[in-house]
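The values are calculated or read from the model by the stated rules, or taken from the named source; none is laboratory data. What you are looking at is a predicted structure, and each value in this text was computed from that prediction instead of being measured. FYI the Cβ positions are ideal-geometry reconstructions off the backbone, even for glycines, and counts take in every protein chain you see. In case anyone asks, the SASA skips ligands and DNA or RNA and just uses the protein heavy atoms, side chains included. Shrake-Rupley method; radii C 1.70, N 1.55, O 1.52, S 1.80 Å.
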Amino acid sequence: MQSHSITAIIACAVSTLPASLACAQEALNMDAATQPSPGVIYLYERARYTRYGSAPESSDTPRPDRTNLLEIDTTIMAGLATNLALIATIPVERREDRAGGQALDTNLGIADPELLLKYRLYKSDSGSLDTLRIAALFGAEIPSGDGNFTSGSVDPIVGIAATMIRGRHGFNAAARFKLNTGGDRDHNLGGDGPDDALRLDASYLFRLAPASWSAQSDTALYAAFELNTLYETGGDTETLLSPGLLLEGRKWAGEIGARIPVYEDVRDRPEVEWGFVAGVRFFF
Amino acid sequence: MNTTRTLASVILASALLTLGACATTSERSSAPAAPTSRDASIDLASKAPLTSDRVTLHVNGLSCPLCASNVDRQIGTLPGVVSADVNFEKGTIDLSLVEPRPSPMTLERAVDRAGFTLVSIEPR
């Protein structure tokens, strides 16, 4: 089992490597090395619905055979300095545990907010459209105080993201590690249990329209393909394929996407069956 | 899991085929933004105010529409800048200026704050 996890991590790392060497428009489910300039504020509203399968044997009785999770994240990103931005995310969640077609338990509440600083480490603008950027992330998840949704602990986060744009092609690669100092297995649906969590993400975005920019162009439509891997130090590993579409204007962006598991080796929590995501972003 | 893997494989394969077809359309993108005549460009290190009412900034890294928000905030709000029009096709920002006009160095710093790289300034 452990060797499967290591294989999955290596596979993801290998898939991430060419992206960071070759590679963006911002993807839907991962960090990017882009950020607002000083004084610019960016508001991001994202709804994510995920359906999970049966909970493991060790869980509560009766054991849920399905869990539906709706997460609505509100993210505010503010440019503090040329290379520094503050990111605050408040997640509201509705969780429904079901068994035999009936709801066992339904809860609505605020999960742990996330406070991050993003610092641009590197920028190389090699052409009028082309750029390579690398940014570091550091911060923490802080307890929301909502008993049904909080880990009850401050969980430090560190990460790194690379974004590369070459004409119509955009690539992102990111790694993020969260040191979980609290949490419990029964409420964990991935990354929020007692085990530490490592996320490895890679994405490719292709500008569908316009094929070439014109003087009047001010919107763009992108196809996005992401691989999102979550490894928990207890051994649970999952990789999701997330295809999506991103429509971007000068002051806003809208996005929709699906989430489909392509690899799962999960014992301590329910497996992801499928999910979808939709979001809007506004610049002020 | 088998069903979802199969579904994922089909979606991925279809997407790659679609992208392969779409990607045959090439685009100028790798060439650095630069004026047609370098002789006409202005020294970016100069602290002296610009003398022209209309200049074109050649900028690298302007890769998406949202980039324009950063440009509007950092350059469009500088004293002496009446308007800043981003042209993604050419990788340029056309400025209309009034007294007191900014210096090339001020513009270079503003472009850097916006997150991009100023290559040259051309009077129009």
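What's the average, rounded to a whole number, of partner chain beta-carbon atoms within 10 Å of each residue's beta-carbon in A:81-94?
On the way: counts 1, 6, 3, 0, 0, 0, 0, 0, 0, 0, 0, 0, 0, 0.
That works out to 1 on average.
Calculate the mean, over all residues of peptide A:211-222, of how many other protein chain Cβ atoms lie within 10 angstrom of the residue's Cβ. Write down the numbers at each step before the final one.
Details: counts 6, 7, 12, 4, 8, 3, 5, 4, 1, 5, 0, 1.
Mean partner shielding for this stretch: 5.
Only helical DSSP H runs with n ≥ 4 go in: add -39500 (n - 2.57) per run for chain A, normalise by residue count and round the 222 nm mean residue ellipticity to 500 deg cm²/dmol. Working shown, then result.
Values: 1 runs with 21 residues, N = 284.
Computed ellipticity for chain A at 222 nm equals -2500 deg cm²/dmol.
Out of residues 5 or more away from A:S151 or on other chains, whose amide H comes under 5 Å of its own, with H placed 1.01 Å from N in the peptide plane?
A:D112, A:S144
Give the long-range amide H neighbours of A:N180: residues separated by 5 or more places, or on another chain, with amide H under 5 Å away, using H modelled in the peptide plane at 1.01 Å from N.
Under 5 Å from the amide H of A:N180: A:D196, A:A197.
Can you pull the mean other chain C-beta count within 10 Å for peptide A:37-48? Before the final figure, lay out the partial values.
Values: counts 13, 6, 5, 8, 2, 2, 0, 0, 0, 0, 0, 0.
Counting Cβ atoms of other protein chains within 10 Å of each residue's Cβ and averaging gives 3.
Can you order the peptides A:198-211, A:63-76 by their average number of other Cβ atoms within 10 Å per residue, highest first?
Details: A:198-211: 21.7, A:63-76: 17.4.
Top of the packing list down: A:198-211, A:63-76.
If you plug each phi of the range A:143-153 into the Karplus form 6.51 cos²θ - 1.76 cosθ + 1.60 with θ = phi - 60°, what whole-Hz ³J(HN,Hα) values come out, in order, with x for Gly and Pro?
With coefficients 6.51, -1.76 and 1.60, one gets x, 7, x, 8, x, 7, 10, 9, 7, x, 9 Hz.
What part of the accessible area of the range A:176-267, given as a whole %, is carbon or sulfur when the probe is 1.4 angstrom? Can you show the working numbers first?
Working: 1840 of 3070 Å².
Within the range A:176-267, the accessible surface is 60 percent carbon and sulfur.
First check a/c for the range A:119-236, with a ≥ b ≥ c the square roots of the eigenvalues of its C-alpha gyration tensor; if it is under 1.5, answer rounded, and if not, answer prolate when a/b is larger than b/c or oblate otherwise. It would help to have the intermediate numbers written out before the result.
Numbers: a/c = 2.73, a/b = 2.35, b/c = 1.16.
Because a/c hits 1.5 or more and a/b exceeds b/c, the range A:119-236 counts as prolate.
What residues of the range B:65-90 lie in the reach of a label at A:S217, counting those whose backbone N is under 14 Å from a point 7 Å from the Cα along Cα→Cβ?
The answer is B:65-68, B:86-90, whose backbone nitrogens lie closer than 14 Å to the label point.
Quote the total accessible area buried by chains B and A together, excluding ligands, DNA and RNA, probe 1.4 Å, nearest 100 Å². Present the calculation step by step, with values, prior to reporting the outcome.
Details: alone 7940 and 12910 Å², together 17000 Å².
Approximately 3800 Å² gets buried when B meets A.
Near A:D201, within a Cβ-to-Cβ distance under 13 Å, what is the net charge of the other residues, with Lys and Arg +1 and Asp and Glu -1? Let's see the in-between values first.
Numbers: positive: A:R176, A:R199, A:R259; negative: A:E26, A:D31, A:E226, A:E238.
After counting each charged neighbour, the total is -1.
For the range A:57-108, what % of the accessible area comes from carbon and sulfur atoms, probe 1.4 Å?
Details: 1430 of 2790 Å².
The nonpolar share, carbon plus sulfur, comes to 51 percent.
Find how many whole Å separate the alpha carbon centroid of the range B:52-124 from the alpha carbon centroid of the range A:174-225.
31 Å
Rounded to the nearest 0.05, what FRET efficiency is calculated for A:W274 and A:I41 with R0 set to 35 Å and r the Cβ-Cβ distance? Don't jump to the answer; show the numbers that get you there.
On the way: r = 33 Å, r/R0 = 0.96.
The pair A:W274/A:I41 has a calculated efficiency of 0.55.
Whole number in Å², please: accessible area per residue of chain A, 1.4 Å probe, ligands, DNA and RNA not counted.
Working: 11040 Å² over 284 residues.
Accessible surface, normalised per residue, equals 39 Å².
Determine ³J(HN,Hα), in whole Hz, for all residues of the range A:276-283 in sequence, where each value follows from phi through the Karplus function 6.51 cos²θ - 1.76 cosθ + 1.60 and θ = phi - 60°; x replaces Gly and Pro.
My calculation for the range A:276-283 gives 9, 9, 9, x, 9, 10, 10, 9 Hz in order.
From the phi angles alone, apply the Karplus equation (6.51, -1.76, 1.60; θ = phi - 60°) to the range B:108-124 and give each ³J(HN,Hα) in whole Hz, x where the residue is Gly or Pro.
Once θ is set to phi - 60°, the couplings for the range B:108-124 become 4, 5, 5, 5, 5, 4, 6, x, 10, 10, 7, 9, 7, 10, 10, x, 10 Hz.
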